[in-house]
Amino acid sequence: MEPLLEVEGLSVRFGADAPPAVDGVSFAVSRGEKVAVVGESGSGKSVTMLSVLRLLHRPPAVVEAETLRWKGEDILAMPPARLRALRGGEISIVFQEPMTALSPLHRVGAQLVEAGMLHGQGEEEAEARAAELLRATGLPRDNWTAYPHELSGGMRQRVMIGIALMARPELVIADEPTTALDVTVQAQIFELLGRVAGEGTAMVLVTHDMALAYQAAEKVLVMNAGKIVEAGPAEEVFRRPRHPYTRRLLASVPRLDG
Ligand SMILES: Nc1ncnc2c1ncn2[C@@H]1O[C@H](COP(=O)(O)OP(=O)(O)OP(=O)(O)O)[C@@H](O)[C@H]1O
Ligand SMILES: [Mg+2]
């Protein structure tokens with residue numbers, strides 16, 4: 001498989017003298033690959049993904065890596081215009097709190113169109129793509145001209161998925177915050193995201209939900225205290241966890257089947 005994203009020896013600290021929040025992390029994501037990142041709150045999952053897109057404010061963040069490459073291109077050397085094209089164009093992040101990601105002042109359909117035009121689509125092309133995505137996510141046509149506050153939470157999620165996929169990204173990162181209340185909703189969002197994005201789109205799912213990680217991902221990265229302590233095929237990591245931390249993490253999952 002062709003590697004899309006290559007990360008080697010990534011470390012992040014917030015302030016030169018602070019202990020690392022991410023400590024020597026290495027992983028790769030191949031074209032079309034589905035990867036889950038699990039680990040307790042504060043283990044460095046979000047910081048890892050944000051630093052890949054250079055979305056952390058520097059300072060205070062100090063980001064270092066031996067390798068940080070997107071399709072062979074050095075992300076740390078990208079000029080601002082190249083980074084803007086990368087973000088949302090080739091790599092999208094779906095944050096699971098839609099009200100912070102959507103503009104309250106613009107109609108949702110128009111927000112999709114704008115996302116497409118920002119990444120080089122003409123107006124007609126963007127409108128066609130927006131309609132295709134809103135249809136695919138199942139947002140009723142009556143709601144395409146609504147403002148975000150007029151929609152239910154689930155409808156807003158559909159809009160966010162649409163925005164994330166407008167420019168046909170090759171990698172989609174879905175980051176679940178600790179505060180996500182409803183794991184059923186999270187699973188639905190991820191399923192819809194995968195279905196609408198299509199098989200060939202690589203996905204990274206940051207989650208606390210081990211069952212979802214097991215179902216949705218081919219590869220799992222287990223993070224603890226800023227390090228990847230275990231990584232491998234989902235089947236192996238979940239069936240035969242080698243690291244004590246992974247075993248503890250799995251033991252904390254309630255089981256219905258005994
Ligand atoms: N902007 C920031 N400034 C200072 N410290 C930060 C900042 N962002 C994150 N951290 C710290 O980095 C560490 C890793 O945080 P991160 O958000 O990556 O955790 P996480 O694994 O995503 O947790 P959760 O599952 O709760 O989302 C934490 O100790 C956190 O306090
Ligand atoms: Mg997080």
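Rule-based calculations on the coordinates, nothing more; no lab input. Computed from a predicted model, the values in this text were never measured in an experiment. Cβ atoms come from the backbone with ideal geometry, glycine included; neighbour counts cover every protein chain shown.
Using only the alpha-carbon atoms, how far is helix 183-197 inclined from the longest principal axis of the chain? Give it as 0 to 90 degrees, nearest 10.
60 degrees
Starting from the Cα-Cα distance between H106 and E73, subtract it from 0.36 nm times their residue separation and give me the gain in nm to one decimal.
8.4 nm
Given bins 5 angstrom wide, list per bin the percent of all Cα-Cα distances in segment 111-184, short to long.
Using 5 Å bins, I get a P(r) of 3, 16, 25, 23, 18, 11, 3, 1 for segment 111-184.
Give the order of T246, T67, T201 when sorted by the count of other beta carbons within 10 angstrom, beginning with the fewest.
T67, T201, T246
Give me, ordered by chain and number, the residues 5 or more places off V94 or on other chains with an amide H under 5 Å from its own placed amide H.
Here the answer is I173, A174, D175, since their amide H atoms fall under 5 Å of that of V94.
Taking R0 as 25 Å, what's the FRET efficiency between S26 and E132 from their Cβ-Cβ distance, rounded to 0.05?
About 0.10, to the nearest 0.05.
What residues qualify as long-range amide H neighbours of K34, i.e. H under 5 Å apart, gap of 5 or more or another chain, H built at 1.01 Å from N?
When sequence neighbours closer than 5 places are left aside, the close amide H contacts are M203, E218, K219.
Quick check on the chain: what does the Kirkwood estimate of hydrodynamic radius come out to from the alpha carbon pairs, in Å?
Over the chain, the inverse of the mean reciprocal pair distance is 19.0 Å.
Using a/c under 1.5 as the rounded threshold, could you call segment 30-98 rounded, prolate or oblate? The axes a ≥ b ≥ c are square roots of the C-alpha gyration tensor eigenvalues, and prolate needs a/b larger than b/c, oblate otherwise.
Note, shape of segment 30-98 comes out rounded.
When we measure straight from the Cα of K219, which lysines land under 18 angstrom away, once same-chain ones fewer than 8 places off are left out?
Filter leaves K34, K45, K227.
Running a GNM on the chain with Cα contacts under 10 Å, which residue among Q111, Q157, Q215 ends up with the highest mean-square fluctuation?
Q215
Specify which residue in the list M160, A65, A81 is farthest towards the positive end of the charge dipole of the chain, using unit charges on the beta carbon of Lys, Arg (+1) and Asp, Glu (-1), about the Cα centre.
After comparing all options, I get A65.
Quote to one decimal, in nm, the extra length available between S41 and R240 on full extension: 0.36 nm per residue of separation minus the C-alpha distance between them.
Length difference between fully extended and current span is 69.3 nm.
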